[in-house]
Structures are given as C-alpha cells and as structure tokens.
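> Starting off with a structure, shown below.
Read-outs throughout are calculated quantities, based only on the coordinates presented, and are distinct from any laboratory measurement. Computed from a predicted model, the values in this text were never measured in an experiment. Cβ atoms come from the backbone with ideal geometry, glycine included; neighbour counts cover every protein chain shown.
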Amino acid sequence: MPVRTVAHSARELIGRNRTVDRVYRTSVGVIGGGTVVLGIVLIPLPGPGALISLGGLALLGTEFEGAKKVSRRANGLARKGAAKVSQLRQDRRDARRD
C-alpha cells in the first residue's frame, strides 16, 4: 500500500474524533512553529537555517491553509533566488573565460 494512501487514511481516522483531531492539529502547530523559529534563529549561522524554516512551513502547511499559502510563496521565492545565484555564477564563469 502506498505511503500517501496510508497517511491519508490515518488522517481521516484522526479527523473522525474531534478531541484527537484537535490534539493532532495542536501538535503539528507546535512542532511546525518550533521548526520555523529554530530555522529563523539559525539563519545568521552557517548552515541550513532557511531550509529548516521552509521545512517547518511545509509541516504547518499540511494542516493549516494559511501556512500552505505562505509556504508556496516562500518556496517560489527560494527557487527564484537560487536561479538568480546560478545565473550570477554562470555570468562570472563566462566573464573569466573572456
């Protein structure tokens, strides 16, 4: 059985019980929020602080629509930034060859 199917059926089972659903959503919120905060704290240090923050947003996005929208926008901006950096590196390489 595919993992996605198992996860979806588990989430449906959790959603049937209101108390369990509330505990689950609260847990996702606390863990996801903590991951985002940890990533923000780590951004000034060398390492993957921004990626950790994006991961936390993705985690929050599994349960909260607002976080999903922010995560999509942040991922799009990260892709644009990565493409720009790649282009700048390529331009530097080309300039050295000339």
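> Work through the residues other than ILE14 whose Cβ is under 12 Å from its Cβ and net out their charges, Lys, Arg +1 and Asp, Glu -1.
Taking every other residue near ILE14 into account, the sum is +2.
> Filter the trypsin sites (Lys or Arg not before Pro) in the stretch 1-75 to those in DSSP coil with at most 14 other Cβ atoms within 10 Å of their Cβ, and list the result. Could the numbers behind the result be given before it?
Working: sites: ARG4, ARG11, ARG16, ARG18, ARG22, ARG25, LYS68, LYS69, ARG72, ARG73; in loops: none.
Answer in residue order: no site qualifies.
> Might you report the magnitude of the Cβ-based charge dipole of the chain about its Cα centre, with Lys and Arg at +1 and Asp and Glu at -1, to the nearest 20 debye? Numbers along the way, then the final one.
Working: 18 positive and 7 negative charges, 57 e Å.
The dipole of the chain has a size of about 280 debye.
> Let me ask something else about it. Just going by the charge dipole of the chain, with Lys and Arg at +1 and Asp and Glu at -1 on Cβ, which of THR35, GLY81, ALA67 is farthest out on the positive end?
Going by the charge dipole, the pick is GLY81.
> Per the helix-only calculation at 222 nm, which mean residue ellipticity applies to the chain, given -39500 (n - 2.57) for every DSSP H run of n ≥ 4 and division by its residues, nearest 500 deg cm²/dmol? Could you put the intermediate results ahead of the total?
Values: 4 runs with 85 residues, N = 98.
Helices in the chain give a 222 nm mean residue ellipticity of -30000 deg cm²/dmol.
> Here's another thing I want to ask about it. Excluding residues on the same chain fewer than 8 positions from LYS80, give the aspartates and glutamates whose Cα lies under 20 Å from its Cα.
Output for LYS80: ASP91.
> Another question, then. When N counts the residues of the chain, how does its alpha-carbon radius of gyration compare numerically with 2.2 N^0.38 Å, as a ratio? Walk me through the numbers on the way to the answer.
Details: Rg = 18.7 Å, N = 98, 2.2 N^0.38 = 12.6 Å.
That ratio works out to 1.49.
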